[in-house]
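**Q** I have a structure I would like to understand better, so I am pasting it below and will then ask my questions one at a time.
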Amino acid sequence: MIDELQEDDIVIITDLTRVSRSTKDLLNIIDRIKTRGASIKSIKDTWLDTSSDNPYNSFLLTVMSGLSQLERDLISQRTKEGLKSAKARGRNGGRPSKRNDKADTVGLLYREGYKIVDIVKQTGLSRATVYRVLNDLKLK
């Protein structure tokens, strides 16, 4: 898109944080846009307008971009710490497996000689799931 820009074109973005993941990349992108003679305006960040060579705008852009990067890094760090803490408590995350709740029942019924059809009716599991559980339990 940047290569197709012409002089006096305006690139409209919704939010500064949607343009790039890092401050360095954002500043490079904006520099490339300005080099083509175009400018960039943000809907959310109304202060962002590169159509004029205002040094305050450049400074504010650098600071806000750096703050956005810091916020992303902090969120990432907290998420990783939370996942590590949950794993230490024995939590794996994700939806609990439907099979695990009834795996013992399936194994018990199978060992007692129940037919697969009867196990399906009693547990409410699908036939494929019953076979999968039996396979996991090394009974089939």
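The values are calculated or read from the model by the stated rules, or taken from the named source; none is laboratory data. Nothing here was measured: the structure is a model prediction, and the numbers come from that model. So basically every Cβ, Gly included, is an ideal-geometry build from the backbone, and we count neighbours across all protein chains shown.
**Q** Could you tell me whether the range 32-49 includes any residue that is more than 30 Å from residue 131 (Cα to Cα), part of a loop (DSSP other than H, G, I, E, B) and among the β-branched types (Val, Ile, Thr)?
**A** Filtering the range 32-49 down to residues more than 30 Å from residue 131 (Cα to Cα) leaves 32-49.
Remaining after also requiring part of a loop (DSSP other than H, G, I, E, B): 36-38, 43-48.
Still in the running and among the β-branched types (Val, Ile, Thr): 43, 46.
Yes, that holds for at least one residue.
**Q** Please go through the range 48-81 and give me each residue that is exposed (fewer than 11 other Cβ atoms within 10 Å of the Cβ) and of a type outside the set (Asp, Glu), ordered by number. Please lay out each step first, then the result.
**A** Just the residues of the range 48-81 that are exposed (fewer than 11 other Cβ atoms within 10 Å of the Cβ), to begin with: 52-53, 55-56, 59, 74-81.
Passing the criteria: 52, 55, 56, 59, 74, 75, 76, 77, 78, 79, 80.
**Q** Confirm whether residue 25 is more than 21 Å from residue 76 (Cβ to Cβ), modelled with pLDDT under 90 and not in a strand (DSSP E or B).
**A** Numbers: more than 21 Å from residue 76 (Cβ to Cβ): no; modelled with pLDDT under 90: yes; not in a strand (DSSP E or B): yes.
No, not satisfied.
**Q** Considering the range 75-130 alone, what residues qualify as being modelled with pLDDT of 90 or more and not in a helix (DSSP H, G or I)?
**A** Of everything in the range 75-130, those that are modelled with pLDDT of 90 or more and not in a helix (DSSP H, G or I) turn out to be 89, 112, 113, 114, 115, 124, 125, 126.
**Q** Also, quick follow-up: Any residue that is touching a Gly at 6+ places or on another chain (Cβ under 9 Å) and not charged (D, E, K, R) - is there at least one of those in the range 16-38? Working first, answer last.
**A** Within the range 16-38, the first condition is being touching a Gly at 6+ places or on another chain (Cβ under 9 Å), and the residues that meet it are 23.
Of the ones still in play, those that are also not charged (D, E, K, R) are 23.
Scanning the range 16-38 turns up at least one residue that is touching a Gly at 6+ places or on another chain (Cβ under 9 Å) and not charged (D, E, K, R).
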